[in-house]
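Notes to accompany the following structure.
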Amino acid sequence: MRGFALEQQKRLAASLVRVLALYRPLTDAYVIPPLPPRFRRHLRPKKQHEVRRLAQVLERLSQLTGCPQVVDVGAGQGHLARFLAFGLRLSVTAVEGDARLVTQAARFDRALALELEKEQARRQAPDAPPVQGPSHVVGWVTPDTRWPEFVELLRSGKVAGGGSPWAATTCQPREPCEPGERGAGKGGADCGGGDRPESLEQNPPTHLQGQLPQGPLLLTGLHACGDLSATLLRLFVACPHMVGITSVSCCYMKLSTGKGDRPGYPLSDWVAALPGHQLSYKAREGACHAMEDYLLRLEHDSPSLKTHCYRARLETLIRAIDPTKKRLGVQAIPKAHQMTFEQYARQGLERVGMSPRGPLEPASPAQQRQVVVFFSLAHLLAPLVETLILLDRMIYLQEQGFPCALVPLFDPALSARNLVLVAAKKVPPSDLWGLAAGE
């Protein structure tokens with residue numbers, strides 16, 4: 001550098017090394033190898049990114065805690081569990097409430113296991129460890145689930161207790177899930193439903209299924225919907241067998257906020273004691289939106305922006321027909337931005353059991369601009385709401401005496417809910433921060 005003596009250059013270099021060492025978990029957060037090709041099947045790039053990143057954290061957490069057993073709750077089609085088991089050779093139990101998804105997961109497991117066995121046979125490696133996939137358990141996890149019941153569910157492999165259809169599912173609030181997985185449509189309106197599943201004794205998935213867990217456990221939930229994320233944190237705190245957890249949340253609008261003894265928000269005593277801590281449904285729903293995606297739509301004046309105005313105009317029609325009906329949950333209408341307002345309104349009214357009265361006139365351009373401005377302001381508040389919810393969970397864990405860290409794990413351009421809450425019962429907080437960079 002011009003004007004810098006050698007000693008000054010050395011001091012500057014030493015200072016930069018110290019500063020960058022502090023922020024390495026952030027600067028190196030996305031510098032990781034991609035998923036091997038065999039694990040990319042059936043996965044969109046977004047899901048590939050999430051599985052690879054979270055698997056890296058779980059592998060490191062397993063090393064830090066000395067615990068090789070992972071329980072993936074809300075496992076869906078088992079993409080994360082499959083990579084952890086076949087790719088990283090961890091012992092994995094996948095818990096999912098929808099037996100249809102478990103059947104599909106088992107089908108994918110079998111295909112991959114056969115491929116790996118053939119590869120081992122070609123290499124003629126007699127000392128290679130046997131191919132072993134994840135163990136699958138069908139069952140619901142609800143806010144009322146206590147840890148002995150949960151552990152019994154894992155170790156028996158049977159359905160334990162009842163629950164609501166969303167309790168052990170995962171979803172993404174901004175995009176549809178992969179084919180065959182249930183999730184919220186764009187806008188995060190719904191997580192889907194399902195019939196009460198059968199047990200795996202009636203639906204055996206594969207002869208390569210792993211052993212049901214014994215001993216210490218790591219708990220994980222990748223975009224566990226609504227109260228499920230909060231429930232997993234409570235199970236981690238209460239259960240002596242659980243030594244670590246990674247929690248990636250979604251669908252904040254589905255959090256219970258009542259005065260019951262186990263609400264999804266707030267979890268911590270400290271936040272619960274704050275005046276004005278309550279969060280409305282609308283505030284929580286807004287926290288599910290993707291700021292980066294919305295900015296791109298604004299910059300390019302995307303036609304999809306008019307769907308906000310369509311929904312606002314539909315609300316006025318609903319209230320004109322029945323003033324007692326307010327803020328009804330209207331399931332997302334696919335490709336709404338390609339419709340005229342009349343087409344959209346007829347479908348929307350039909351979904352809430354109403355018929356139009358009079359002409360279905362769209363809003364004026366001036367009204368459309370006002371709605372976009374309103375939604376833009378609401379999006380500015382969204383990160384604050386999400387931060388409060390996640391801070392409440394961190395404070396809750398620390399109130400219970402457990403160190404934790406909130407790590408920006410995913411690229412927000414790919415995955416809007418990109419923060420993972422990591423906690424462990426016998427690991428220093430500084431080690432938890434290093435998980436994202438694989439330190």
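The values are calculated or read from the model by the stated rules, or taken from the named source; none is laboratory data. Because the structure is a prediction, the values reported are computed rather than measured. Please note: Cβ atoms are built from the backbone with ideal geometry, for glycine as well, and neighbour counts cover all protein chains shown.
Remarks
- A single member of Gln398, Gln367 is touching a strand residue (DSSP E or B) at 6+ places or on another chain (Cβ under 9 Å), assigned to a helix (DSSP H, G or I) and among the polar types (S, T, N, Q), and it is Gln398.
- Residues of region 340-352 classified as exposed (fewer than 15 other Cβ atoms within 10 Å of the Cβ) and assigned to a loop (DSSP other than H, G, I, E, B), total: 1
- In the set Gln331, Gln343, only one residue is out of contact with any Phe, Trp or Tyr (no Cβ under 7 Å at 6 or more places or on another chain) and farther than 30 Å from Pro412 by Cβ; that residue is Gln343.
- Scanning region 228-246 for residues that are closer than 20 Å to Ala94 by Cβ and outside any loop (DSSP other than H, G, I, E, B) returns Leu228, Ser229, Thr231, Leu232, Leu233, Leu235, Phe236, Met242, Val243, Gly244, Ile245, Thr246.
- Sole residue being over 23 Å from the mean Cα position of the chain (by Cα), at pLDDT 90 or above and among the charged types (D, E, K, R), chosen from Asp269, Asp227, Asp261: Asp269
- Where Glu399 falls short, out of the listed (1) closer than 27 Å to Pro216 by Cβ; (2) touching an Asp or Glu at 6+ places or on another chain (Cβ under 8 Å); (3) surrounded by 17 or more Cβ atoms within 10 Å (Cβ to Cβ): (3)
- The one condition in (1) over 30 Å from Leu397 (Cβ atoms); (2) buried (at least 16 other Cβ atoms within 10 Å of the Cβ); (3) modelled with pLDDT of 85 or more that Pro323 fails to fulfil: (2)
- Each residue in region 60-70 was checked for being touching a Pro at 6+ places or on another chain (Cβ under 7 Å) and not in a helix (DSSP H, G or I), and 2 pass.
- Any pair with Cβ under 6 angstrom, 6 or more apart, that starts in region 234-245 at a residue that is more than 13 Å from Thr145 (Cβ to Cβ) and ends at one that is among the small types (Gly, Ala, Ser) and buried (at least 24 other Cβ atoms within 10 Å of the Cβ): Gly244/Ala424; Ile245/Ala423
- Sole exception among (1) in a helix (DSSP H, G or I); (2) without any contact (Cβ under 8 Å) to a residue 40 or more places away in the chain; (3) of a type in the set (S, T, N, Q) for Ser355, by number: (1)
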